[in-house]
Amino acid sequence: AQSVSQHNHHVILSEAASLELGCNYSYGGTVNLFWYVQYPGQHLQLLLKYFSGDPLVKGIKGFEAEFIKSKFSFNLRKPSVQWSDTAEYFCAVNNAPNTGNQFYFGTGTSLTVIP
Amino acid sequence: NAGVTQTPKFRILKIGQSMTLQCTQDMNHNYMYWYRQDPGMGLKLIYYSVGAGITDKGEVPNGYNVSRSTTEDFPLRLELAAPSQTSVYFCASSYKGVGAYEQYFGPGTRLTVT
(Lines give C-alpha, C1' and ligand atoms only; values in the text may rest on other atoms or scores of the structure.)
Protein backbone atom coordinates (compact mmCIF):
# COMPACT_ATOMS: atom_id res chain seq x y z
CA ALA A 1 0.00 0.00 0.00
CA GLN A 2 0.94 3.62 0.11
CA SER A 3 0.41 6.55 2.41
CA VAL A 4 0.88 10.19 1.56
CA SER A 5 1.51 12.89 4.13
CA GLN A 6 1.01 16.59 3.74
CA HIS A 7 2.17 18.15 6.96
CA ASN A 8 0.98 21.68 6.29
CA HIS A 9 -2.77 21.67 6.76
CA HIS A 10 -3.38 25.37 6.40
CA VAL A 11 -0.95 27.98 5.10
CA ILE A 12 -1.55 31.72 5.02
CA LEU A 13 0.75 33.93 2.95
CA SER A 14 0.85 37.47 1.71
CA GLU A 15 1.03 38.11 -2.00
CA ALA A 16 4.56 37.85 -3.43
CA ALA A 17 5.69 35.54 -0.64
CA SER A 18 7.35 32.29 -1.56
CA LEU A 19 5.54 29.00 -1.12
CA GLU A 20 6.70 25.51 -0.27
CA LEU A 21 4.25 22.73 0.52
CA GLY A 22 5.55 19.43 1.80
CA CYS A 23 4.58 15.99 0.54
CA ASN A 24 6.03 12.69 1.70
CA TYR A 25 5.07 9.19 0.70
CA SER A 26 5.80 5.80 2.18
CA TYR A 27 6.21 3.30 -0.66
CA GLY A 28 9.85 2.84 -1.57
CA GLY A 29 9.47 1.52 -5.09
CA THR A 30 8.96 3.28 -8.38
CA VAL A 31 6.29 5.93 -8.15
CA ASN A 32 4.52 8.51 -10.25
CA LEU A 33 3.91 11.75 -8.39
CA PHE A 34 1.31 14.46 -8.88
CA TRP A 35 0.17 17.75 -7.47
CA TYR A 36 -3.45 18.76 -7.95
CA VAL A 37 -5.14 22.04 -7.14
CA GLN A 38 -8.77 22.55 -6.20
CA TYR A 39 -10.03 26.12 -6.43
CA PRO A 40 -13.05 26.96 -4.27
CA GLY A 41 -16.13 25.19 -5.54
CA GLN A 42 -14.29 23.48 -8.37
CA HIS A 43 -12.95 20.04 -9.14
CA LEU A 44 -9.35 18.93 -8.94
CA GLN A 45 -7.02 20.01 -11.71
CA LEU A 46 -3.51 18.81 -12.42
CA LEU A 47 -0.69 21.24 -11.58
CA LEU A 48 2.25 19.03 -12.47
CA LYS A 49 3.45 15.46 -12.50
CA TYR A 50 6.65 13.46 -12.27
CA PHE A 51 7.28 10.20 -14.09
CA SER A 52 11.00 9.97 -14.63
CA GLY A 53 13.99 12.04 -15.63
CA ASP A 54 14.75 15.49 -14.25
CA PRO A 55 13.58 15.50 -10.63
CA LEU A 56 12.70 19.19 -10.88
CA VAL A 57 9.35 19.38 -12.57
CA LYS A 58 7.73 22.56 -13.81
CA GLY A 59 3.97 22.86 -13.99
CA ILE A 60 1.35 25.40 -14.82
CA LYS A 61 0.99 28.87 -13.28
CA GLY A 62 4.62 29.07 -12.19
CA PHE A 63 4.53 26.05 -9.88
CA GLU A 64 7.35 23.55 -9.67
CA ALA A 65 8.12 20.49 -7.57
CA GLU A 66 11.23 18.58 -6.72
CA PHE A 67 11.36 14.82 -6.36
CA ILE A 68 13.92 13.73 -3.77
CA LYS A 69 13.94 9.95 -3.81
CA SER A 70 16.13 9.58 -0.72
CA LYS A 71 13.65 11.60 1.31
CA PHE A 72 10.48 10.13 -0.27
CA SER A 73 9.43 13.70 -0.91
CA PHE A 74 7.82 15.73 -3.66
CA ASN A 75 7.51 19.27 -2.36
CA LEU A 76 5.63 21.93 -4.27
CA ARG A 77 7.10 25.41 -4.68
CA LYS A 78 6.26 28.77 -6.14
CA PRO A 79 8.60 31.77 -5.85
CA SER A 80 5.88 34.41 -5.62
CA VAL A 81 2.25 33.60 -4.85
CA GLN A 82 -0.76 35.54 -6.04
CA TRP A 83 -4.19 36.01 -4.53
CA SER A 84 -5.56 33.73 -7.26
CA ASP A 85 -3.47 30.86 -5.86
CA THR A 86 -5.85 30.60 -2.93
CA ALA A 87 -6.97 26.98 -3.14
CA GLU A 88 -6.58 23.50 -1.73
CA TYR A 89 -3.51 21.57 -2.89
CA PHE A 90 -3.30 17.80 -2.97
CA CYS A 91 -0.31 15.59 -3.43
CA ALA A 92 -0.98 12.20 -5.02
CA VAL A 93 1.12 9.10 -5.59
CA ASN A 94 0.65 6.20 -7.95
CA ASN A 95 2.71 3.07 -7.47
CA ALA A 96 4.21 2.27 -10.85
CA PRO A 97 4.30 0.18 -12.89
CA ASN A 98 2.49 -2.89 -11.63
CA THR A 99 -0.31 -1.41 -9.63
CA GLY A 100 -1.04 1.57 -11.78
CA ASN A 101 -4.68 1.41 -10.88
CA GLN A 102 -4.78 3.23 -7.59
CA PHE A 103 -3.85 6.76 -6.69
CA TYR A 104 -3.20 7.72 -3.09
CA PHE A 105 -3.94 11.27 -2.02
CA GLY A 106 -2.71 13.33 0.87
CA THR A 107 -5.19 15.12 3.10
CA GLY A 108 -4.56 18.42 1.35
CA THR A 109 -3.14 21.82 2.23
CA SER A 110 -5.39 24.82 2.25
CA LEU A 111 -3.56 27.91 1.00
CA THR A 112 -4.91 31.38 1.65
CA VAL A 113 -3.12 34.27 -0.03
CA ILE A 114 -3.79 37.69 1.44
CA PRO A 115 -3.70 40.58 -1.04
CA ASN B 1 -14.65 16.94 -25.38
CA ALA B 2 -16.77 17.35 -22.28
CA GLY B 3 -14.25 15.38 -20.21
CA VAL B 4 -15.77 13.82 -17.09
CA THR B 5 -19.36 14.72 -16.32
CA GLN B 6 -21.32 13.92 -13.18
CA THR B 7 -24.98 14.17 -12.30
CA PRO B 8 -26.59 15.37 -10.15
CA LYS B 9 -24.61 18.31 -8.77
CA PHE B 10 -26.48 18.31 -5.48
CA ARG B 11 -28.78 15.89 -3.75
CA ILE B 12 -30.45 15.54 -0.38
CA LEU B 13 -31.45 12.05 0.68
CA LYS B 14 -33.33 10.75 3.65
CA ILE B 15 -31.82 7.93 5.69
CA GLY B 16 -32.55 4.60 4.05
CA GLN B 17 -33.20 5.99 0.58
CA SER B 18 -31.18 4.86 -2.39
CA MET B 19 -29.76 6.70 -5.38
CA THR B 20 -27.32 6.42 -8.24
CA LEU B 21 -24.62 8.96 -8.97
CA GLN B 22 -23.89 9.08 -12.66
CA CYS B 23 -20.44 9.50 -14.20
CA THR B 24 -19.57 9.63 -17.89
CA GLN B 25 -16.30 10.30 -19.67
CA ASP B 26 -15.75 10.87 -23.37
CA MET B 27 -11.97 10.52 -23.48
CA ASN B 28 -11.96 6.77 -24.06
CA HIS B 29 -10.12 6.27 -20.81
CA ASN B 30 -9.98 2.71 -19.60
CA TYR B 31 -9.60 3.51 -15.90
CA MET B 32 -12.36 5.12 -13.87
CA TYR B 33 -12.59 5.90 -10.15
CA TRP B 34 -14.99 7.08 -7.48
CA TYR B 35 -13.75 9.13 -4.53
CA ARG B 36 -15.39 10.79 -1.62
CA GLN B 37 -13.99 13.98 -0.16
CA ASP B 38 -14.64 14.89 3.45
CA PRO B 39 -13.33 18.07 5.09
CA GLY B 40 -9.74 17.67 6.24
CA MET B 41 -9.62 14.07 5.05
CA GLY B 42 -8.52 14.39 1.46
CA LEU B 43 -9.86 11.97 -1.11
CA LYS B 44 -10.72 8.40 -0.27
CA LEU B 45 -11.08 5.85 -3.04
CA ILE B 46 -14.42 4.04 -3.00
CA TYR B 47 -14.26 1.86 -6.12
CA TYR B 48 -12.34 1.79 -9.32
CA SER B 49 -12.49 0.05 -12.68
CA VAL B 50 -9.76 -0.86 -15.14
CA GLY B 51 -12.15 -1.48 -17.99
CA ALA B 52 -15.67 -2.43 -18.95
CA GLY B 53 -16.88 -5.35 -16.86
CA ILE B 54 -14.09 -5.05 -14.28
CA THR B 55 -14.45 -3.31 -10.94
CA ASP B 56 -12.61 -3.46 -7.66
CA LYS B 57 -12.91 -2.07 -4.16
CA GLY B 58 -10.93 0.85 -2.96
CA GLU B 59 -10.28 2.04 0.57
CA VAL B 60 -13.89 2.77 1.65
CA PRO B 61 -16.32 0.59 -0.37
CA ASN B 62 -18.88 -0.25 2.34
CA GLY B 63 -22.35 1.00 1.55
CA TYR B 64 -21.64 1.49 -2.16
CA ASN B 65 -21.83 -0.50 -5.34
CA VAL B 66 -20.63 0.13 -8.88
CA SER B 67 -20.93 -1.32 -12.33
CA ARG B 68 -19.06 -0.72 -15.57
CA SER B 69 -21.01 -1.98 -18.54
CA THR B 70 -19.42 0.45 -21.01
CA THR B 71 -16.11 2.27 -21.27
CA GLU B 72 -17.84 5.62 -20.89
CA ASP B 73 -20.07 5.10 -17.84
CA PHE B 74 -19.28 4.27 -14.23
CA PRO B 75 -22.33 4.79 -11.97
CA LEU B 76 -22.08 4.65 -8.18
CA ARG B 77 -25.02 3.23 -6.27
CA LEU B 78 -25.95 3.96 -2.66
CA GLU B 79 -28.49 1.39 -1.51
CA LEU B 80 -29.40 2.45 2.04
CA ALA B 81 -28.21 5.98 2.60
CA ALA B 82 -26.70 6.80 5.99
CA PRO B 83 -25.61 10.14 7.47
CA SER B 84 -22.00 8.94 7.28
CA GLN B 85 -22.32 9.07 3.50
CA THR B 86 -22.78 12.82 3.52
CA SER B 87 -19.85 13.94 1.43
CA VAL B 88 -18.73 15.31 -1.90
CA TYR B 89 -18.27 12.58 -4.48
CA PHE B 90 -15.84 12.87 -7.35
CA CYS B 91 -15.56 10.64 -10.35
CA ALA B 92 -12.27 10.49 -12.23
CA SER B 93 -10.82 8.76 -15.23
CA SER B 94 -7.34 8.09 -16.52
CA TYR B 95 -5.57 6.45 -19.40
CA LYS B 96 -3.03 3.74 -18.87
CA GLY B 97 -0.02 4.24 -21.03
CA VAL B 98 3.68 4.91 -20.84
CA GLY B 99 4.41 7.68 -18.43
CA ALA B 100 2.58 9.35 -15.60
CA TYR B 101 -1.04 9.16 -16.62
CA GLU B 102 -2.90 11.66 -14.52
CA GLN B 103 -6.52 11.51 -13.49
CA TYR B 104 -9.17 13.81 -14.87
CA PHE B 105 -11.87 14.73 -12.40
CA GLY B 106 -15.54 15.52 -12.76
CA PRO B 107 -17.17 18.54 -11.07
CA GLY B 108 -18.45 16.51 -8.11
CA THR B 109 -21.77 15.65 -6.50
CA ARG B 110 -22.54 17.13 -3.10
CA LEU B 111 -24.69 14.65 -1.20
CA THR B 112 -26.40 15.27 2.12
CA VAL B 113 -28.11 12.45 4.01
CA THR B 114 -30.48 13.52 6.78
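The values are calculated or read from the model by the stated rules, or taken from the named source; none is laboratory data. The structure displayed is predicted, hence computed values, not measured ones. FYI the Cβ positions are ideal-geometry reconstructions off the backbone, even for glycines, and counts take in every protein chain you see. Heavy atoms of the whole protein, side chains included, go into the accessibility calculation; ligands, DNA and RNA do not. Shrake-Rupley method; radii C 1.70, N 1.55, O 1.52, S 1.80 Å.
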How large is ³J(HN,Hα), in whole Hz, for each residue of region A:47-55 in order, when computed from phi with the Karplus curve 6.51 cos²θ - 1.76 cosθ + 1.60 and θ = phi - 60°, using x for Gly and Pro? 8, 6, 8, 10, 10, 6, x, 3, x
Within 10 Å of each Cβ in A:50-61, how many Cβ atoms from other chains are there, averaged over the peptide? 1
So for B:Arg68, A:Arg77, B:Arg11, what's the accessible-area order with a 1.4 Å probe, most first? B:Arg11, A:Arg77, B:Arg68
Entries in A:Lys78/B:Lys57; B:Lys57/B:Lys96; B:Lys14/B:Lys96 that, when Cα-Cα distance is taken, lie over 29 Å: A:Lys78/B:Lys57; B:Lys14/B:Lys96
Which of the aspartates and glutamates could a cross-linker span from A:Lys58 if the Cα-Cα distance has to be under 18 Å and same-chain partners fewer than 8 positions apart are dropped? A:Glu20, A:Glu66, A:Asp85, B:Glu102
Name the most mobile residue of A:Ser14, A:Ser70, A:Ser52, meaning the one with the largest mean-square fluctuation, in a Gaussian network model of chain A with Cα contacts below 10 Å. A:Ser70
Compare A:Lys78, B:Lys96 by solvent-accessible area with a 1.4 Å probe and give them largest first, with all protein chains kept in place. B:Lys96, A:Lys78
Among the lysines, select those whose C-alpha is under 22 Å from the C-alpha of B:Lys9, and discard any that sit fewer than 8 residues away in the same chain. B:Lys44
Surface accessible to a 1.4 Å probe, A:Phe51 within the full protein complex, Å²: 90 Å²
Simple spin-label estimate for B:Met19/B:Thr112, 7 Å along Cα→Cβ, in nm, reads 1.1 nm
Put A:Ile12, A:Ile68, B:Ile46 in order of accessible area, largest first, 1.4 Å probe: what do you get? A:Ile12, A:Ile68, B:Ile46
Counting only protein heavy atoms, probe 1.4 Å: which residues of region B:30-55 lose 20 Å² or more of accessible surface in the full assembly compared with their chain by itself? B:Tyr31, B:Tyr33, B:Tyr35, B:Gln37, B:Gly40, B:Gly42, B:Leu43, B:Leu45, B:Tyr48
Regression test value, accessible area per residue of region A:4-114, probe 1.4 Å, units Å², expected 45 Å²
